[in-house]
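Beneath this line is the structure, given in structure tokens, with notes to follow.
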Amino acid sequence: MSGNKGAVGVRLEYHDTSFCFITAHLAAGHANMDERNADYRTIVNGLHFLRGKTIDSHEYVFLGLAVKCPRECRAAAT
């Protein structure tokens, strides 16, 4: 991943259900889809929690992404 890209993950268990919340800042733009996919694979393979848990260890995974949206896109959403 490049110098200004990355991810943070938090995990928890509620009763007998495990949750993982991940937020990430990936490469923007249509031309960078391969780079985004590679960054995602890096996150999934590299993010480890205590007790040997990984992203795939959880029943529910929520992924939030930082997405660059042009000004006209933001205006249309409001």
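Would you mind calculating the gained length between Thr54 and Thr23 on full extension (0.36 nm times residue separation, minus the Cα-Cα distance), in nm to one decimal? The partial results should precede the final answer.
Values: separation 31, 0.36 × 31 = 11.16 nm, distance 1.49 nm.
This chain segment gains 9.7 nm when fully extended.
For the pair Ala38 and Val8 in one chain, pulling the backbone fully straight at 0.36 nm per residue adds 9.2 nm over the alpha carbon distance.
Each reported figure results from applying straightforward, stated rules to the coordinates on display, with no laboratory input. From a predicted model like this one, the values you see are computed outputs, not experimental measurements.
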